[in-house]
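A quick write-up on the structure given underneath.
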Amino acid sequence: MGEYRFNIPRFATFYLGLSIGLPVLLYLIRQYLGFDLSSGGVSLIPIMLTTLNEGARFVRATGRRPENREAWKMAGLFALFGVMLSMLLAAVVLVVAPALLGDLSSLGIGFVAAMVAVMAIVYILVSRVFFALGARSEVKRLP
């Protein structure tokens, strides 16, 4: 059929939109409805939904599910860009509104580096699972 191409602007727009929009939505829900829906898992939702979308796009472009090797390769690529975009977003927040990130300077560079490494590993695993789920879901919708 066709060939899947990783579109960085599309991925970045989708990921950053979710990364910014979801906390805003949760804040508004908490302020106006009184429900606090935030948790530690909320930070994974942008990578989950973005890779789910990419899995569906893969199937639409190729007409097939990704092979295991392809899925791991794409998961690594998605995780790399997800971590980079998260770090970019954190840097912007640090400049614009440093109080939102708390006192990161007291953590030390080693601790921050370790947390980024853990984040990368989690993003790879989450990306792999949700890329495959998006692809599987799209295959079921194909005629």
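All conditions but one from (1) touching a helix residue (DSSP H, G or I) at 6+ places or on another chain (Cβ under 7 Å); (2) free of Cβ contacts under 8 Å to residues at least 12 places away in the same chain; (3) among the small types (Gly, Ala, Ser) apply to Gly108; the one that does not is (1). Close contacts from the stretch 24-53, counting a first residue that is among the β-branched types (Val, Ile, Thr) and a second that is modelled with pLDDT of 90 or more and assigned to a loop (DSSP other than H, G, I, E, B), with Cβ to Cβ under 7 Å and a gap of 6+ residues or different chains, come to none at all.
The number of residues in the stretch 1-41 that are in contact with a helix residue (DSSP H, G or I) (Cβ under 9 Å, 6 or more places away or on another chain), farther than 20 Å from Thr51 by Cβ and not hydroxyl-bearing (Ser, Thr, Tyr) comes to 5.
Looking across the stretch 5-35, the residues that are among the hydrophobic types (A, V, I, L, M, F, W, C) and closer than 17 Å to Ala79 by Cβ come down to Phe6, Ile8, Phe11, Ala12, Phe14, Leu16, Leu18. Only helices (runs of 4 or more DSSP H) wholly contained in the stretch 1-109 count here; list those with 1 or more residues that are loosely packed, with under 12 Cβ neighbours inside 10 Å. Here the list reads 8-33, 68-96.
Based on this model, can you work out whether Arg64 counts as of a type in the set (D, E, K, R) and within 16 Å of Arg128 (Cβ to Cβ)? Considered against the rule, which asks whether it is of a type in the set (D, E, K, R) and within 16 Å of Arg128 (Cβ to Cβ), Arg64 comes out as no.
Table: residues versus (1) within 22 Å of Phe11 (Cα to Cα); (2) of a type in the set (A, V, I, L, M, F, W, C); (3) at pLDDT 90 or above.
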residue: Phe81; (1), (2), (3): yes, yes, yes
residue: Met87; (1), (2), (3): yes, yes, yes
residue: Val95; (1), (2), (3): no, yes, no
residue: Gly134; (1), (2), (3): yes, no, yes
residue: Val139; (1), (2), (3): yes, yes, yes
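The values are calculated or read from the model by the stated rules, or taken from the named source; none is laboratory data. Predicted model only: the values in this text are computed from it and were never measured. Positions of Cβ are backbone-derived with ideal geometry, glycine not excepted, and every protein chain shown enters the neighbour counts.
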